[in-house]
């Protein structure tokens with residue numbers, strides 16, 4: 001993996017958003033920067049996937065959130081459907097999402113929007129590619145979600161998603177260790193969870209977490225017919241490198257963790273984490289391919 005990250009053609013759109021939000025709602029600029037960072041990271045992550053499908057392909061973003069990335073993909077010539085239910089833990093998206101979509105409408109770059117939970121997705125054999133970035137840990141029914149997304153894919157199409165692996169004893173939204181289960185973790189860290197001022201809706205966010213893990217994903221996909229599952233063991237390496245490049249991402253992590261990760265990365269020892277079994281890694285990056 002190169003030390004120089006690919007910079008996707010997204011900067012003009014991001015600058016337009018900043019100017020528009022600064023004019024209309026300057027009080028949410030700091031919040032906006034978080035989602036700008038997520039959009040840049042997401043675009044970089046799916047770069048090779050997009051090269052494999054070509055322009056005008058039909059793309060589904062599951063949990064489009066702020067809509068920044070979906071709108072960017074429309075600008076690049078893709079036929080994009082953005083699935084966003086505005087569910088528990090994400091009420092703070094409303095104002096920001098509305099401004100971004102308003103600007104996108106003026107620039108003729110709005111995606112098709114489906115305002116429903118993924119468990120209500122009723123589309124068959126339609127998409128050339130689907131993706132979600134740190135969304136699957138928030139869905140109510142992981143098995144149903146993966147089944148319906150899989151059914152929405154065309155033959156040979158891929159659904160790629162990233163999320164935490166809750167077999168690893170760490171909860172990244174709240175920067176706390178996990179203790180065997182969600183209920184036990186909540187009991188021991190209740191104050192840290194529900195008084196988390198850096199999260200606009202800590203209770204909603206916590207309640208939305210489903211404790212997804214590698215074992216669960218394998219079991220679900222293997223129970224489905226005509227689907228293949230692969231994991232990217234080197235995704236964790238890109239997360240370490242992101243600490244060096246994304247200041248907003250750093251701010252959402254504890255200081256001691258940042259110092260350790262930066263030290264490991266500067267020594268280039270972070271590449272070793274790509275050889276750790278996926279079941280023991282803190283993050284998941286996987287692809288589900290529809291075979292027929």
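A short reminder: the numbers here are calculations on the coordinates, not readings from a lab. In this text the structure is predicted, and so the values were computed from the model without any measurement. No Cβ is skipped: glycine too gets one built from the backbone with ideal geometry, and neighbour counts run over all protein chains shown.
One table, with the values for the structure above:
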quantity	calculated
Calculated Rg and Dmax of the range 67-178 using C-alpha coordinates, Å	15.3, 45
Computed [θ] at 222 nm, deg cm²/dmol, the chain (DSSP H ≥ 4; -39,500 (n - 2.57); rounded to nearest 500)	-13000 deg cm²/dmol
The range 140-208 shape via C-alpha gyration tensor axes, a/c threshold 1.5	prolate
Length released on extending from residue 11 to residue 223, taking residue separation times 0.36 nm less the Cα-Cα span	72.2 nm
Along each principal axis, Cα extent of the range 250-292, largest first, Å	47, 23, 16
Residues residue 95 and residue 140, FRET efficiency given R0 of 30 Å [Cβ-Cβ distance, rounded to 0.05]	0.75
Base-10 log of normalised Debye intensity for the chain (one unit scatterer per alpha-carbon) at q = 0.16 Å⁻¹	-1.53
Model label zone, residue 156; criterion: amide N under 13 Å from point 7 Å along Cα-to-beta-carbon; scope the range 261-292	290-292
